[in-house]
Structure formats: C-alpha cells, structure tokens
Amino acid sequence: MIKFGDVFIFNEEEYIFLARTSSVIYSAKILGIEKTKEVEREAGKISKNPQKQHLLKENILYCYVVLTTKEFKDQAAHCGMAGRQPGIEIESLERIVICKEDLKAIKEEIIKGPVNEELKRRIKDIDV
C-alpha cells in the first residue's frame, strides 16, 4: 500500500506520493538539481523585490521544498502542481525513504501554500 512520502516513477520521472482520491493522485515532482537551482534563483530575485514578494506565497511555481534526503539532496520536491497532472499513474515504487524532516517540510509547505484545498484536507491529519 502506498503512503504519504513514498517515491514512485511515472514517465521516467520521480514523484513523492502525497494523497489520492478515486480520480486524482496528488504528488510532488522531484526536480533535478539544475531545475531546482533555476527555481531558487527566480525565488531569490522575487524576494529582493518588495512589490513581488507576495508571489512567493501565492504562485504555485514557488511551492517547493529542497530535499535533504541523501538520494535527493539539493533537489526540490515541487508541490505546486500536485493534482494538476492529468493521467498520472504509479508505474513503479522506489525503495527510497524520504526523511522525516523532508516529509514535515513538504506537509507544512502544502498546508500553507497555494495548492488544491482537497489535498490540504487529505494531508492535514497525517502524522509524520
């Protein structure tokens, strides 16, 4: 049985399972190091502009956590598109365990971030 924090593969890309309904799998896409650096650079630019800082809390692009789990160190778990990837399926599970600190950070980012309300409801009571 798949649970919050399990890593799976879809179309040769890695995702962290968050929750599911009968029709939607909510997942955080694991970005590569270069893509993570790109997102962080953009977030850094925005954080320096007082008129745009609100975007860091409101824009799904900046809804991510940089992972510390050994296998994914310095890669982002991007939560902003969770549930918006139609047709996503779990093709295979990885035998990688995301560390508790990363899982707590992901849960916190989702709860406070601009993501689907259904996802927020489904994960709020998960004990990490």
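Here the Karplus relation 6.51 cos²θ - 1.76 cosθ + 1.60, evaluated at θ = phi - 60°, turns the backbone of segment 22-39 into coupling constants of 5, 10, 10, 9, 8, 8, 9, 7, 8, 8, x, 4, 5, 5, 4, 4, 4, 5 Hz, with x for every Gly and Pro.
Per the Cα gyration tensor, the chain maps to an equivalent ellipsoid with semi-axes of 23, 17, 14 Å, ordered largest to smallest. Cβ crowding within 10 Å ranks Leu31, Leu56 as Leu56, Leu31, fewest other Cβ atoms first. In this structure, the amide hydrogen of Arg20, modeled 1.01 Å from its nitrogen in the peptide plane, lies closer than 5 angstrom to those of Tyr26, counting only residues at least 5 positions away or on a different chain. For Gly80, the residues whose modelled amide H falls within less than 5 Å of its own, excluding neighbours fewer than 5 places apart on the same chain, are Cys63. Add -39500 (n - 2.57) for each DSSP H run of 4 or more in the chain, then divide by its residues: what number comes out at 222 nm, to the nearest 500 deg cm²/dmol? Helix-only estimate at 222 nm: -9000 deg cm²/dmol.
Among the listed pairs Lys37/Lys104; Lys35/Lys100; Lys48/Lys70, a Cα-Cα separation exceeding 27 Å is found for Lys48/Lys70. Spacing of the modelled spin labels on Val97 and Lys45, each 7 Å from Cα toward Cβ, amounts to 4.1 nm.
Working from Cα pairs under 8 Å separated by at least six residues, relative contact order for the chain is 29 percent. Against the chain, whose longest principal axis comes from its Cα atoms, helix 100-112 is set at around 60 degrees. For Leu55, put the label point 7 Å out on the Cα→Cβ axis and report which residues of segment 61-97 keep their amide N under 12 Å from it. Those under the cut-off are 61-62. What is the fewest-to-most order of Lys100, Lys48, Lys29, Lys35 by other Cβ atoms lying within 10 Å of their Cβ? Sorted ascending by nearby Cβ count, the order is Lys48, Lys100, Lys35, Lys29.
The numbers here are math on the coordinates, done by the rules we state, and not lab data. Since we're looking at a predicted model, the values are computed, not measured. As a convention, Cβ positions derive from the backbone with ideal geometry for all residues, glycine included, and neighbour counts pool all protein chains shown.
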